[in-house]
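Undergrad: One structure follows; several queries about it will come next.
Derivation of every value follows stated rules applied to the coordinates shown; laboratory data play no part. Computed from a predicted structure; not experimentally measured. We place every Cβ from the backbone using ideal geometry, glycine too, and count neighbours over all the protein chains shown.
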Amino acid sequence: MRRPWYAVGLAALCLAVVAPAQASATSDATPAARPVVDMEATVLAAQIDPRRPDNTLTPGAKSSVLAVEQALQAKNLLDAQWVDGYFGTLTVSAYAAYQRSLGYTGLAANGLPGTTSLTKLGLNRYTVTNTIGPGAKVQRDGFVVNARTQAMLTETQRLLGQTLVLDQGSYNPGGDPTSAGTHDGGGVVDISVTGMTAAKRTAVAKALRQVGFAAWVRDPSQGDWPWHIHAVAINDTDLSTQAQNQVGDYYLGLNGLANHGRDDGPRIPIKTWEQYQREQ
Ligand SMILES: [Zn+2]
């Protein structure tokens, strides 16, 4: 029996529907359809989400984190059940595994997205916006910091109208055992409070917080250390794991110490350095 005309027509119609869809899935000509990964929001989620006691999502980060997690899943580094927009410990581990697969070690495989790895992971999958980075290593008061931290300290000094002196810099693995690894990577400094009144110490911590540091005045009763201010640059992609955790704790209202105490510093709206700069 001859096929009725409408069956031929239906088959042709199906082909017509399927063919363009297959073509667009493999074509580079559809950038508008790609998700956008906001690097600032993604890195922020990677610091806060692993510290959360619940599965609240970091505001503004969900679609970006989802796109990153889908890319990690496609590389068999993350199980489908964890592709949920929450950059928790398993996503950090998966991202670190991806960084190692690129040949990175140490800080470059800290599970915190850097511009190069994030862009490579998104090849033909997503577009990266709001890229951030630590910049080059520079000297300050005989210590090493990165250019981003240096710029943040310079702005803090401008706000205060006074010079700040460091007690400890960044990229200092094993330098000070009381620091528990927080100074191993970038973005972390200790500021001398010698000669400052209690009010001045608080004012310095507040100014540091204004420009995007998680900063706390530390006193000798809290650890085996003299009075100082410990400051961690939020969203520095060179943070050690311990410092990443302190940023997360800061957002969650904690003091960043092992005792998980409440934040004892001057509370102000929390901002990153990039957010602060955009508001100037
Ligand atoms: Zn410190």
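Undergrad: Hey, any idea what Rg/Rh is for the range 157-216, computing Rh the Kirkwood way over Cα pairs?
TA: Ratio value, two decimals: 0.98.
Undergrad: Based solely on its DSSP helices, what 222 nm [θ] is calculated for the chain when runs of n ≥ 4 H residues each add -39,500 (n - 2.57) and the sum is averaged over all residues, nearest 500 deg cm²/dmol?
TA: Here the helix-only value at 222 nm equals -12500 deg cm²/dmol.
Undergrad: Continuing with this model, one more query. Under 1.5 on a/c is rounded, so check that first for the range 77-165, then, if it is not, pick prolate when a/b is larger than b/c and oblate when it is not; a ≥ b ≥ c are the square roots of the alpha carbon gyration tensor eigenvalues.
TA: In terms of gyration-tensor shape, prolate.
Undergrad: Right, next: What residues qualify as long-range amide H neighbours of Leu166, i.e. H under 5 Å apart, gap of 5 or more or another chain, H built at 1.01 Å from N?
TA: Here Ser192 satisfy the definition.
Undergrad: Next question. Taking the range 206-280, which trypsin sites (Lys or Arg not before Pro) meet the DSSP loop condition and have no more than 14 other C-beta atoms within 10 Å?
TA: Counting only loop positions with at most 14 other Cβ atoms within 10 Å, the trypsin sites (Lys or Arg not before Pro) in the range 206-280 are Arg267.
Undergrad: Also, quick follow-up: Please compute, over every Cα-Cα pair in the range 143-268, the percentage with a separation greater than 22 angstrom.
TA: Of all Cα-Cα pairs in the range 143-268, 25 percent lie more than 22 Å apart.
Undergrad: For the range 127-179, what does the convex hull of the Cα positions come to per residue, in cubic angstrom?
TA: 116
Undergrad: Pick from Leu160, Leu239, Leu78: which is most flexible by mean-square fluctuation in a GNM of the chain where alpha carbon atoms under 10 Å apart are linked?
TA: In this elastic network of the chain, the residue with the biggest mean-square fluctuation among Leu160, Leu239, Leu78 is Leu160.
Undergrad: Normalised by the number of residues in the range 94-226, what is the relative contact order in percent for Cα pairs under 8 Å and 6+ residues apart?
TA: Relative contact order here is 16 percent.
Undergrad: Check Val144: other-chain or 5+ apart residues with amide H under 5 Å from its amide H, H built from backbone geometry?
TA: Gly169, Ser170
Undergrad: Given axes a ≥ b ≥ c from the Cα gyration tensor, I'd like to know whether the range 36-129 is rounded (a/c under 1.5), prolate (a/b larger than b/c) or oblate.
TA: rounded
Undergrad: Let me ask you something else. Give the relative contact order (percent, whole number) for the range 147-280; include only Cα pairs under 8 Å separated by 6+ residues.
TA: Averaging sequence separation for qualifying contacts and normalising by length gives 24 percent for the range 147-280.
Undergrad: Same structure, new question: Taking the C-alpha atoms of the range 212-280, how large are the radius of gyration and the largest Cα-Cα span, Dmax, in Å?
TA: 12.4, 39
Undergrad: Taking springs between alpha-carbon atoms closer than 10 angstrom, which of Phe87, Phe143, Phe213 fluctuates most in the Gaussian network model of the chain?
TA: Maximum among the listed residues: Phe143.
Undergrad: Pairs Lys62/Lys271; Lys62/Lys137; Lys75/Lys137: which are spaced more than 21 Å apart, C-alpha to C-alpha?
TA: Lys62/Lys137; Lys75/Lys137
Undergrad: Cα convex hull of the range 54-102: how many Å³ per residue?
TA: Normalising the Cα hull of the range 54-102 by residue number yields 66 Å³.
Undergrad: Still on this model: Just round it to a whole percent: the fraction of Cα-Cα distances in the chain exceeding 32 Å.
TA: 32
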